[in-house]
Amino acid sequence: MTVDKNRSLAEKIDAPWKDIKRLGLDQHVAKKIIFCFNYETNKVVPIFKTQDIEYFLDKINEKQEYPLLYDNKSLGEKYEYLTEQILKAKQESEITNSWEITYFCRFLYESYPPPKTITEPQRKTTITSVDTEEIKQKREFMDLLNELRRQYKISAEQLREYRDAGFKDPQARITLTEKLTKLK
């Protein structure tokens with residue numbers, strides 16, 4: 001489907017890409033593949049995040065209007081519409097109409113950088129200051145264990161036992177740190 005010249009951009013994006021794991025909900029990888037195989041048609045852009053194209057259109061068009069029931073369209077239909085609009089805006093400008101498409105898109109990203117949005121998975125992995133303090137304590141605990149091991153004051157087996165106990169229970173880590181510091 002990707003190389004089929006008779007298929008629309010919407011059909012290519014709405015193809016059964018979901019059967020391939022880890023392509024993402026916005027089909028970034030699929031869009032990249034489609035771009036690579038359809039670059040010479042001048043009907044695709046190297047902007048793979050749907051939100052970015054919407055953002056750029058809002059920036060370069062004074063009053064960007066979306067078609068009726070835009071939100072009900074499939075991802076492919078939205079992307080095809082947005083791509084057509086961004087290419088139309090590029091062609092209508094005296095400055096950008098002669099630019100190669102990758103240069104134009106680079107210009108958009110550098111001139112109008114999209115705001116960074118934190119996704120739910122990123123939010124879950126964002127480290128809080130409490131987490132940071134615990135990481136610091138674990139690192140110091142491991143430094144102590146490694147130092148004692150280098151000095152042959154504990155065995156490799158003891159190091160593993162202390163590490164496991166100290167990482168499972170913060171209170172045990174504090175007690176072990178006090179006990180092991182005395183061995184220095």
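The values are calculated or read from the model by the stated rules, or taken from the named source; none is laboratory data. Owing to the predicted nature of the structure, the values given are computational and were not obtained by experimental measurement. Heads up, the Cβs are rebuilt from the backbone with ideal geometry, glycines too, and the neighbour counts pull from every protein chain shown.
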Open item on the list: I need the full set of residues from the stretch 1-18 which are modelled with pLDDT of 80 or more and in a helix (DSSP H, G or I), in order please.
Closed with: 9, 10, 11, 12, 13, 17
Task: Odd one out for residue 21 among (1) part of a helix (DSSP H, G or I); (2) under 19 Å from the mean Cα position of the chain (by Cα) - done: (1)
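Quick grid of which residues meet (1) in contact with a Cys (Cβ under 9 Å, 6 or more places away or on another chain); (2) in contact (Cβ under 8 Å) with a residue 40 or more places away in the chain; (3) of a type in the set (Val, Ile, Thr):
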residue	(1), (2), (3)
43	no, yes, no
47	yes, yes, yes
51	no, yes, no
62	no, no, no
68	no, no, no
73	no, no, no
80	no, yes, no
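Quick grid of which residues meet (1) among the polar types (S, T, N, Q); (2) assigned to a helix (DSSP H, G or I); (3) buried (at least 16 other Cβ atoms within 10 Å of the Cβ):
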| residue | (1), (2), (3) |
| --- | --- |
| 31 | no, yes, yes |
| 34 | no, yes, yes |
| 47 | no, no, yes |
| 54 | no, yes, yes |
| 64 | yes, no, no |
Task: Wholly enclosed helices (runs of 4 or more DSSP H) of the stretch 85-184 bearing at least 1 residues basic (Lys, Arg) and at pLDDT below 85 - done: 120-125, 129-150
